[in-house]
1. Give the residues of segment 26-48 that are of a type in the set (Asp, Glu), over 10 Å from residue 12 (Cβ atoms), assigned to a helix (DSSP H, G or I) and at pLDDT 85 or above, sorted by residue number.
2. Give the residue, chosen from 159, 132, that is farther than 22 Å from residue 58 by Cβ, in contact (Cβ under 8 Å) with a residue 60 or more places away in the chain and out of contact with any strand residue (DSSP E or B) (no Cβ under 7 Å at 6 or more places or on another chain).
3. Applying the selection to segment 89-110, what residues are surrounded by fewer than 17 Cβ atoms within 10 Å (Cβ to Cβ) and modelled with pLDDT of 95 or more?
4. What helices (runs of 4 or more DSSP H), lying completely within segment 51-148, carry at least 3 residues that are within 19 Å of residue 160 (Cβ to Cβ) and either among the charged types (D, E, K, R) or under 16 Å from the mean Cα position of the chain (by Cα) (or both)?
5. Is one or more of the residues making up segment 55-63 of a type in the set (A, V, I, L, M, F, W, C), modelled with pLDDT of 95 or more and either more than 17 Å from residue 150 (Cβ to Cβ) or buried (at least 17 other Cβ atoms within 10 Å of the Cβ) (or both)?
Amino acid sequence: MANEIPDEMFKRMVLANQYRMLARLDSPNADYWQRAAAVAEDLWPVESLPGVARLTEAAASPLTREHQEFVVDILQIYRLLQDAELEGMAAADGRGADFPGFDGNYETKLMGYARHLVEHEQRFTSVRTVSRDYNSHWPTVESYARMIAAWDRQGRPLRLSREQFDELLAERARPIDLAAAIGQ
């Protein structure tokens, strides 16, 4: 039918409308959202639209259920370690049990999901972190995988004995193969 709005045009109209609503709701950034609406209406390339680059990157390498479970498991382990510290246990290396986070360069999805769990879902809010942005600035996945494997061998206890506490921290402290951890 000649009177139908083509799908691409309709999507752009809806997106421009959304940007205009954001301009009204987010008054400190109203100019930014008005420009975004103009970009949508002027049919600039999709890559020019706000947020598209991040969505494209996420679509190319999406967060999987396994990634989510990994992050939840390591946050649970750090909660248990910190609970054990409150009961008087101390790390032999003196480093304590604050959660270091994930490497912002190579473990970005995991870092973002950890932040999301705490800031948006209000889970693991009691877990102390080394940095507010959850960026460890070094690869952590290999170390965390060893800690999770040890926790699995222990039967995933919800309260740690001294031996379990020491074993988990020993896995954290083992030297890692940096090349393997960053995929090189």
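1. 31
2. Values: 132 fails: in contact (Cβ under 8 Å) with a residue 60 or more places away in the chain.
Answer to the check: 159.
3. Listed by number, the list holds a single entry, 98.
4. In segment 51-148, 65-86 are the helices (runs of 4 or more DSSP H) which contain 3 or more residues that are within 19 Å of residue 160 (Cβ to Cβ) and either among the charged types (D, E, K, R) or under 16 Å from the mean Cα position of the chain (by Cα) (or both).
5. Looking through segment 55-63, none of the residues is of a type in the set (A, V, I, L, M, F, W, C), modelled with pLDDT of 95 or more and either more than 17 Å from residue 150 (Cβ to Cβ) or buried (at least 17 other Cβ atoms within 10 Å of the Cβ) (or both).
The values are calculated or read from the model by the stated rules, or taken from the named source; none is laboratory data. Just so it is clear, the structure is predicted and the values come from calculations on it, not from any experiment. Because the Cβ atoms are built from the backbone with ideal geometry, glycine has one as well, and the counts that use them run over all protein chains shown.
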